[in-house]
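Below is one structure; the comments refer to it alone.
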Amino acid sequence: MGDSDQKVTLLICDDHKILTDALATVVGLDPTLVMVTPPVHDPETAIDVCTEQLPDVVLMDIVFKGGMSGIEATRKIKEVSPSTKVVIMTAHDEDRLLVEAVEAGASGFLGKDEAAEELLSAAKSAADGEVLIDPATLTRLLAQVAREREAQRDAQNLLDDLTEREREILQLLAEGMRNDDIAAKLFISPQTVQTHVRNILGKLRVHSKLEAVAFAVKHGAISV
């Protein structure tokens, strides 16, 4: 911080007591950091504290037993105290969640295996407005999200090729109807239904009715 008298106010939210005790001890030794309350152990309490205290930084766990996730909590904290920087503390097997955390407004994330001093030094950087994301991790995450979004786009292009009638038949297949039932319901011959089904499989590049339904549901084209 530019001004040496300027203290960084901090809230720690994590349900692992050993970690929070270690962090609290190190905060106690650091004259530039002050905790607004003792560590809290659930996201709902963290939101309440942020509403009242408006801390500079929150160190937030991502996964809690029970109700709200650290990601939802981050979104709520940014609503009640927009100037608070949220730093997600995470184990290393939660890639998709990390992208969601950044989209929810987190200033970055740190491995829980970092030493307490590292976590707190990162908290100060966050208070200074730095974004705490290891570039290698970020590159990997963004590549993964780009791949997922591209797969969704490709799928959408295939689904867009379906005619209204083919979509209708796909929806009825998803509801568990057989070809004969679909023929009766739509007043067309079973052979015509069969032709439509064959066209659907070809357009979606799948090999069975079940696979076609799974593909369409996965990509949001039909509801079951």
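What is the sum of charges, Lys and Arg at +1 and Asp and Glu at -1, for the other residues whose Cβ falls under 12 Å from the Cβ of Ile182? Around Ile182, the charge tally is -1. What the Cα convex hull of the chain gives, in volume per residue, is 153 Å³. Relative to the dominant Cα principal axis of the chain, helix 209-218 is inclined by about 30°. In this simple spin-label model, placing a label point 7 Å from the Cα along the Cα-to-Cβ direction at both Glu117 and Ala22 gives a separation of 1.4 nm. In this simple spin-label model, placing a label point 7 Å from the Cα along the Cα-to-Cβ direction at both Val131 and Arg165 gives a separation of 5.0 nm. Approximating the spin labels as points 7 Å out from Cα along Cα→Cβ, the Asp181-to-Ala151 distance works out to 3.0 nm. Between Val63 and Asn199, the FRET efficiency from the beta-carbon distance, with R0 = 45 Å, is close to 0.50. With Cα atoms as the point set, the range 147-218 shows a radius of gyration and Dmax of 12.4, 42 Å.
Sparse packing (at most 16 other Cβ atoms within 10 Å of the Cβ) combined with a DSSP loop state is found for the following trypsin sites (Lys or Arg not before Pro) in the range 175-224: Arg178, Arg205. Extension gain for Glu79 to Thr37 (0.36 nm times residue separation, less C-alpha to C-alpha distance): 13.1 nm.
Read-outs: derived from the displayed coordinates by stated rules, not from any lab. This one's a predicted model, so the numbers in the text were calculated from it and none came from an experiment. Positions of Cβ are generated from backbone atoms using ideal geometry, with glycine treated the same way; all protein chains shown enter the neighbour counts.
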